Amino acid sequence: MNNSPILQMKGVAKRFTLHHQNGIELPVLGDVDLAVRPGECVVLDGPSGMGKSTLLKMVYANYRASEGSITVRSVSGALVDVTQATPRALVQLRRDTIGYVSQFLRVIPRVSALDVVAEPLAEDAAGDRTALEAAREQARQWLVRLRIPERLWHLPPATFSGGEQQRINIARNMIKPKPLLLLDEPTASLDAANTETVISLIREAVERGAALVGIFHDAHVGAAVATRRVNVGDFRGAPA
Ligand SMILES: Nc1ncnc2c1ncn2[C@@H]1O[C@H](COP(=O)(O)OP(=O)(O)OP(=O)(O)O)[C@@H](O)[C@H]1O
């Protein structure tokens, strides 16, 4: 296995410009140096407002870094600096290399829960019927494992409970094994049994050699999955 980092952040800083407050700048993170290798699950610690979610959003290129480089080793082996990548390269990277599980499901109107979960594999099937059916079969297995009642499988998740939506989101974002997985409170609305299932899923991802970076307010989950802990407050530039 290639043990070089899947994620490498060097000298990363983030400042928000508050346009409605005379353009004042809010420094959140500075001098972030972080390398994450295959088989690591780095848990981000630090008090509320320190910039944990901001760090993940920069890696996923939802937020643009103010300084520094964020290099991701793609499935094809190419090193891509997400701070410089073209929109097209970012779409490809999100499709094949970087998974991002947030607390909230972005609901797609009229698409059933089963198809929402199957979609990342169905996209790759490119119309091939056997591959499409295999994608839907895998989606069924994920729905069973995450205890989504069968009566919900063919309904769009818009009206599902918070915990049900969160589990659909986890299944959709983990069904396709990707080298880098970003987890922003994936168990926030889950009961004990489903939380344990997610802990197992995270450990399985670590075992297959994925690199993970996660935020978990539930200390039990963080302790159960962490191979290393990083305190975001230690990155210089973060407010005291
Ligand atoms: N889009 C934005 N515009 C302006 N400020 C922002 C924006 N996003 C985040 N911030 C600010 O950046 C700081 C860090 O926020 P972030 O959500 O990363 O913290 P966190 O460590 O994840 O907190 P929590 O544990 O409460 O989720 C906060 O002060 C927040 O207000």
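The values are calculated or read from the model by the stated rules, or taken from the named source; none is laboratory data. Given the structure is predicted, the values throughout are model-derived calculations rather than measurements. Backbone-built Cβ (ideal geometry, glycine too); neighbour counts: all protein chains shown.
The conditions are (1) modelled with pLDDT of 90 or more; (2) in contact with a Pro (Cβ under 6 Å, 6 or more places away or on another chain), and ALA134 fails exactly one of them. Which is it? Result: ALA134 fails condition (2) only. Residues in segment 186-202 that are touching a residue at least 60 places away in the same chain (Cβ under 8 Å) and in a helix (DSSP H, G or I): ILE202 only. Which of the residues belonging to segment 9-49 are within 10 Å of the ligand (Cβ to nearest atom) and either among the hydroxyl-bearing types (Ser, Thr, Tyr) or within 25 Å of ALA205 (Cβ to Cβ) (or both)? THR17, LEU44, ASP45, GLY46, SER48, listed by residue number. Annotation note: Cβ proximity below 8 Å between a residue of segment 87-108 that is over 14 Å from MET58 (Cα atoms) and among the β-branched types (Val, Ile, Thr) and a residue that is at pLDDT below 80 and buried (at least 17 other Cβ atoms within 10 Å of the Cβ) (sequence gap 6+ or interchain) occurs for no pair. One residue stands out among those in segment 120-159 that are under 20 Å from the mean Cα position of the chain (by Cα) and aliphatic (A, V, I, L, M): the one that is surrounded by the most Cβ atoms within 10 Å (Cβ to Cβ), which is ALA139. Just one of the numbered conditions (1) more than 12 Å from the ligand (Cβ to nearest atom); (2) touching a Leu at 6+ places or on another chain (Cβ under 7 Å); (3) touching a residue at least 40 places away in the same chain (Cβ under 8 Å) is not true of ALA61: (3). None of LEU181, LEU212 is away from the ligand (no atom under 15 Å from the Cβ), farther than 19 Å from LEU105 by Cβ, of a type in the set (A, V, I, L, M, F, W, C) and out of contact with any Lys or Arg (no Cβ under 9 Å at 6 or more places or on another chain) except LEU212. Which residues, counting only those in segment 74-92, are surrounded by 10 or more Cβ atoms within 10 Å (Cβ to Cβ) and either assigned to a helix (DSSP H, G or I) or hydroxyl-bearing (Ser, Thr, Tyr) (or both)? Passing the criteria: SER74, THR83, ALA89, LEU90, VAL91, GLN92. Between THR187, THR195, the distinction of being surrounded by 21 or more Cβ atoms within 10 Å (Cβ to Cβ) and among the polar types (S, T, N, Q) belongs to THR187 only.
From the list GLY77, GLY46, GLY51, the one residue that fits, being modelled with pLDDT under 95 and within 16 Å of ARG15 (Cβ to Cβ), is GLY51.
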